[in-house]
Amino acid sequence: MPAMNAPAANDPVRQFIARATRGAFPVPLVSTSYDITIKGGLANVVAKRVFRNSETLSIEASITFPLPVHAVLFGLEAKIGGRVVKARARAKAAARADYESAIDRGKTAVLHEELIKGVHMLSVGHIAPGTEIEVTAHFAVPLSCVDGNVFLRIPTTVGDIYGDSGLPDSDTLVHGGAPQAADLTVRCDCGMTALIGSTLVDGQGRIALNAPIVIEVKGWTAADVTGRRADGSAVALRVKPQPSGAGVIDAAILIDHSGSMAEPCSSGKGASKHAAALLGLSEASDDLRPGDKLHLFEFDDSAREIGHADHKSWRKTIRQLAGPDGGTEIGAALSFVAQHGKAADVLLITDGKSYALGVQTLAQILPRVSVVLIGDDSLEANVGHLAALTGGDIYVAGGTDVTSAIRTAIGGMRGVRDGKSAHQLRGGMIVEVLADASDGENDEAFGRAVGAYAASIAMLALGELNAGELAEAEGLVTHLTSLILVDEDGVDQEGLPAMRKVALPSPATHIRMSPPQPVRMYMDDGSRHSAYAAARSFADFEDDAGPPAARPVRPSSVKRCAAPAARYATPGASPSGHVRQNFSHGRSKSVVSVIKKWRHTPPDLSNLVGKIDWAAHGNALAAGDFSFLDSREGAELLRASEMSVVRRAARKAGISQVLLIIGLLARAEGSANRHASRVARVILGNIDDRDAAQVAARVGLAPFEANPAA
């Protein structure tokens with residue numbers, strides 16, 4: 001993976017990291033619990049999170065977390081001030097627009113989105129000072145079966161991920177947060193449950209969230225489960241182990257040997273992911289038969305063809321595999337496999353910790369793809385989605401389970417190759433929606449889980465429009481729909497909420513690295529935005545120091561940008577008369593002299609893009625206060641505000657010249673930072689796009705044509 005050069009000591013990003021890692025803000029997530037009911041082959045999971053605002057200003061808490069790639073989230077509610085508000089499903093863009101509108105109006109709101117398949121984000125906006133909000137989500141997921149062992153696995157954290165997620169900094173997965181634990185309640189009517197890594201007493205336990213929740217169901221017995229769709233009609237599901245096939249294997253086997261594969265499989269001492277994969281491949285030799293054809297590849301930053309093998313030469317062939325090193329270019333490796341053979345199946349063995357694959361494009365050029373995902377910190381998201389789109393399956397394993405998972409996956413490739421079958425492969429299980437279902441589930445909550453999961457399978461056969469309508473009707477979180485609730489009856493909060501990203505705990509298997517490598521997942525494109533994202537990823541550590549004193553900002557100034565909440569927030573106000581007393585930061589040279597020195601060069605604000613912590617300073621900036629900038633950066637901002645083109649555009653929009661420049665800076669960051677987008681919306685609400693674009697071009701900011709999406 002690419003390394004990042006260490007910033008200079010006076011770099012604002014490094015200064016922000018240093019401040020953030022000392023515990024800048026209290027962590028707003030104060031408790032987590034899971035209530036799990038298992039019937040037949042399906043689990044209904046109720047996840048409850050309590051958020052508390054211990055600060056003196058309104059905040060927005062957000063957390064991005066993994067879910068099983070085959071899970072279906074179908075319900076959301078929040079307890080706010082003793083009242084319970086239920087969410088409804090809306091088209092994804094409409095739900096986000098409703099949420100942003102609520103934030104602008106000072107309303108408490110909760111939004112649950114699927115960012116990519118298997119990665120979700122929960123946002124809780126406008127948590128009032130000194131209050132708690134309890135958010136409850138419901139999701140259904142089938143059990144998995146590997147080598148006859150039946151279990152439920154819920155991922156809780158992910159380590160460093162290779163590549164660019166394409167998500168705004170405020171949305172992407174981040175780890176390194178304070179240790180967290182969850183209370184667990186498990187009920188099961190189809191076998192005896194055992195909590196791997198801890199103990200259940202009368203169905204209850206507590207587990208650290210630095211490793212997945214794994215519940216084994218011993219003596220499991222299959223049974224159909226019944227429920228009801230949103231329209232009240234009955235539905236039934238059958239979940240059963242995938243039977244062994246009798247066909248020959250014709251497969252390309254692709255092994256990940258990137259640097260992250262050197263990490264241990266699980267939190268206990270043991271083999272690395274790569275060593276466990278090699279052992280599993282060696283043991284799978286015993287399952288091969290005459291006529292089986294295997295084509296072996298490996299990859300890190302690039303892919304390499306190892307060669308062809310049959311049941312006799314397989315062990316000799318795998319001895320040519322190299323040790324872990326480099327990055328995780330999964331997409332390029334899969335394309336390489338597609339170009340170097342016509343196998344009927346592809347088996348990918350990886351920890352999945354890469355954003356570097358275009359799932360939809362690869363699904364068009366590859367045959368059935370199955371995945372063995374290795375490690376407690378593995379990421380199901382993209383590779384699991386690819387498996388589902390091509391009719392393959394995904395097996396998730398850690399520690400001693402890796403060999404069984406690889407043997408089960410290779411055996412599964414002997415089955416019928418029909419990605420469009422009504423039978424959906426789910427972790428070694430086949431999930432089928434039954435045609436006849438006379439009686440609904442007595443347990444209404446579990447029956448709703450059955451109906452929601454059946455609807456998610458039905459969506460696979462529908463076009464986008466009909467699939468979206470079904471998801472809205474059933475209340476599902478999907479790539480088309482989100483769940484949104486707004487507390488219209490609550491007390492309005494003034495201003496914009498300060499953003500507080502909750503970082504997941506680092507996985508127990510995570511190898512501590514020297515700074516700044518723990519955030520290398522942001523550094524692959526070398527952009528300034530990536531450097532800023534690195535700083536932001538540290539923002540949620542907690543210590544005894546408590547939050548820093550907040551600069552008071554008149555709330556009305558955020559709702560009415562023209563209000564004189566700061567010296568430069570009033571239309572027509574000129575900064576020149578105040579700079580000596582207000583912006584020197586104790587330096588010997590005043591800002592005015594700096595402006596004179598630069599008077600013959602055009603202003604360039606591009607160097608400020610990526611350096612402003614909008615979550616911490618957004619409210620102050622919206623009021624025209626930029627005193628946290630160093631003198632040179634502040635002087636450049638002031639100099640840009642003095643341009644005649646800025647003066648004309650600001651006068652026309654009815655805002656101050658400085659606010660116009662701040663708004664354009666926020667807009668330049670809007671696609672990568674939601675709080676910056678909100679600041680831009682507040683400040684630039686009345687400005688003509690053509691005027692804004694003209695000013696942006698004159699001050700060194702990228703041109704634009706329309707307001708950025710919220």
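Derivation of every value follows stated rules applied to the coordinates shown; laboratory data play no part. Source: prediction; values computed, not measured. Methodologically, a virtual Cβ is constructed for each residue, glycine included, from the backbone with ideal geometry; neighbour enumeration extends over all protein chains shown.
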Legend entry - Ala332-Gln360 FRET efficiency (beta carbon distance; Förster radius 25 Å; 0.05 resolution): 0.95
Inset, instruction - Would you mind computing, in nm to one decimal, how far apart the modelled labels at Phe628 and Val491 are, each placed 7 Å from Cα along Cα→Cβ? - result: 2.6
Legend entry - Likely footprinting exposure, Met499, Met643, fewest C-beta neighbours within 10 Å first: Met643, Met499
Inset, instruction - Please report Met429, Met459 as a ranked list, fewest other C-beta atoms within 10 angstrom at the top and most at the bottom. - result: Met459, Met429
Inset, instruction - Starting from the Cα-Cα distance between Glu469 and Thr199, subtract it from 0.36 nm times their residue separation and give me the gain in nm to one decimal. - result: 92.9 nm
Inset, instruction - Evaluate E = 1/(1 + (r/R0)^6) for Glu283 and Ser244, where r is the Cβ-Cβ distance and R0 equals 22 Å; express this FRET efficiency to the nearest 0.05. - result: 0.85
Inset, instruction - Tell me the label-point distance for the pair Ala702, Ser644, using the 7 Å Cα-to-Cβ offset, in nm and rounded to one decimal. - result: 3.1
Inset, instruction - Whole Å is fine, so just give me how far the alpha carbon centre of the range 58-132 lies from that of the range 249-302. - result: 39
Inset, instruction - List, largest first, the extents of the alpha carbons of the range 329-400 along their principal axes, each in whole Å. - result: 32, 22, 20
Inset, instruction - Please state, as a whole number in µm²/s, the translational diffusion coefficient that the Stokes-Einstein equation yields for the range 173-308 at 37 °C and 0.692 mPa s, with Rh defined as the Kirkwood radius across alpha carbon pairs. - result: 165
Legend entry - Rg(Cα) / (2.2 N^0.38 Å) computed for the range 250-427, rounded to two decimals: 0.92
Inset, instruction - Kindly put His479, His510, His274 in sequence by how many other C-beta atoms sit within 10 Å of each C-beta, fewest to most. - result: His479, His510, His274
Inset, instruction - Grab the eigenvalues of the alpha-carbon gyration tensor for the range 115-213, scale each by 5, take roots, and send me the semi-axes largest first in whole angstrom. - result: 28, 20, 14
Inset, instruction - Mark the label point 7 Å from the Cα of Lys86 along Cα→Cβ and return the residues of the range 473-505 whose backbone N is within less than 19 Å of it. - result: 473-478, 482-490
Legend entry - Spherically averaged projected area in nm², based on the convex hull that wraps the Cα atoms of the range 35-123: 7.1
Legend entry - Added length on full extension, which subtracts the Cα-Cα distance from 0.36 nm per residue, Ala322 to Thr185: 44.9 nm
Inset, instruction - Please give the FRET efficiency for Leu460 paired with Thr221, using the beta carbon to beta carbon distance and R0 = 35 Å, rounded to the nearest 0.05. - result: 0.80
